[in-house]
Amino acid sequence: MAKRKTISIKDVARESGASLTTVSLVLNRRARRISPETRQRVMETANRLGYRPSRLAQGLQAQRAGVLAILVPQIRRAFADAYFGELISAIHEHAGEAEWKILLEVAYPRFIETRQHLELFDRHFVDGLLCLGVTSRDEYLRDFARIGTDSARPVVVVNNYLPGVTLNHVRCDYHQAGRLAAEYLIGLGHRRIGLIHGASEVQTSWDLRRGFEESLAEAGIDLPASRVEDGLYTEEGGAAAVAALLRREPALTAVMTGNDKMAVGAISALKESGRSVPDDISVVGCDDMHQAAYCDPPLTTVHTPIYEVGRRACESLLELIEGRQQSVEETLPVYLTVRRSAAPPRATS
């Protein structure tokens with residue numbers, strides 16, 4: 001079988017009747033002073049011939065590696081987790097569309113202690129970094145704090161942020177998520193409502209709690225400490241948290257959880273204790289992951305656009321790398337998805 005001839009920039013120049021310089025400027029998107037007609041002719045010729053730019057040549061010319069890194073936290077089975085999987089899939093797909101490669105790293109203690117998060121940039125292994133699962137304990141992120149418009153190490157925090165540290169971020173509106181859940185439960189007639197929040201070192205967990213408490217307070221409903229529990233963002237944590245809440249407050253009629261995994265755990269524990277959902281107690285989650293529609297009962301939850309957050313974070317990182325913007329602080333809207341895990345409280349005599 002004959003080997004297919006590689007189409008070069010010289011072939012495009014010859015076939016289009018344009019100079020090598022003109023073709024190079026057009027193909028590298030730096031043709032501001034070249035007429036639209038010439039740009040169109042060059043691009044049509046390149047497409048017809050099947051020209052594919054050399055990523056190595058482009059990287060050398062732009063002094064880039066053509067690689068983005070995703071840094072995930074050191075947690076059990078991070079790559080198998082539905083939440084992280086959704087974010088990583090979105091980032092990988094968008095990077096692939098833009099012809100960038102992805103490097104996956106785990107923030108093990110030694111990785112941070114030996115400053116490999118900086119070495120990724122300093123040794124030109126990557127051009128940008130996306131940080132997932134960030135918490136307030138991740139002091140290494142201060143190494144990436146923006147100073148003016150400095151973007152020598154472009155970094156985007158994905159679906160969280162650190163107050164007091166100027167970092168690029170794209171996240172969901174968890175404050176609004178808390179408000180929506182509380183307003184829905186209040187509208188159903190609930191007054192004895194509990195909250196199972198996520199890990200306290202995650203800022204968006206506090207945002208959700210603040211929104212939840214605000215809506216309750218506006219309706220004249222207290223949220224004492226006895227009605228709040230940390231579910232650690234896990235199914236096991238959700239199950240243990242709802243059990244602890246009901247030991248302290250057996251008359252609770254509704255619970256909101258900071259993610260769907262905790263809601264699944266809470267529903268399981270409630271069933272094991274002989275309580276029916278939603279007849280005895282209503283449960284509202286947060287995330288609207290794929291599995292939420294297939295719970296028993298199907299989970300009412302706040303939809304947070306996790307996939308879109310991953311995609312926008314990747315898109316924003318590329319814009320930072322290419323100098324098309326200087327900073328990113330974006331919050332995506334959320335909405336309530338009503339299913340069957342929440343209902344009006346049972347009337348008491």
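Taking the Cβ of each residue in E229, E235 as the centre, tally the other Cβ atoms inside 10 Å and list the residues starting with the fewest.
On the way: E229 24, E235 20.
The fewest-first ordering by Cβ neighbours comes to E235, E229.
Rounded to whole Å and sorted largest first, what semi-axes of the equivalent ellipsoid does the C-alpha gyration tensor of region 145-256 yield via the square root of 5 times each eigenvalue?
On the way: eigenvalues 210, 51, 20 Å².
Over the Cα atoms of region 145-256, the ellipsoid semi-axes are 32, 16, 10 Å.
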Practice problem: Could you please state, rounded to a whole Å, how far the C-alpha centre of region 309-326 is from the C-alpha centre of region 100-135? | Solution: 17
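Output the antiparallel fraction of DSSP beta bridges having both residues in region 178-304, as a percent to the nearest 5.
Beta bridges within region 178-304, antiparallel portion: roughly 0 percent.
Note down the relative contact order for the chain as a percent, whole number, built from C-alpha pairs under 8 angstrom at least six residues apart. All intermediate terms of the calculation are to be shown ahead of the outcome.
Working: 634 pairs, mean separation 56.8, N = 349.
After rounding, I find 16 percent.
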Quiz item: Give me the Kirkwood hydrodynamic radius of the chain in Å, from all C-alpha pairs, to one decimal place?
Solution: 22.8
Quiz item: In Å and whole numbers, how far do the C-alpha atoms of region 91-164 stretch along each principal axis, longest first?
Solution: 34, 25, 24
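Pairwise over distinct Cα atoms, reciprocal of the mean inverse distance: report the Kirkwood radius of region 9-53 in Å, one decimal place. Walk me through the intermediate numbers first.
Working: mean 1/r = 0.1000 Å⁻¹.
That comes to 10.0 Å for region 9-53.
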Quiz item: Ranked by Cβ crowding within 10 angstrom, fewest neighbours first, how are T304, T38, T6 ordered?
Solution: T6, T38, T304
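Could you work out the helix-only [θ] at 222 nm for the chain, with each DSSP H run of four or more residues adding -39,500 (n - 2.57) and the total divided by the number of residues, to the nearest 500 deg cm²/dmol?
Numbers: 12 runs with 140 residues, N = 349.
Per the formula, -12500 deg cm²/dmol.
Starting with the fewest neighbours, write out R227, R48, R171, R247 ranked by other beta-carbon atoms found within 10 Å of each beta-carbon. Provide the component values of the computation, followed by the final result.
Working: R227 19, R48 12, R171 22, R247 9.
Result, fewest neighbours first: R247, R48, R227, R171.
Coordinate-derived values only; no laboratory data. Not measured: the values here are computed from a predicted model. Cβ atoms come from the backbone with ideal geometry, glycine included; neighbour counts cover every protein chain shown.
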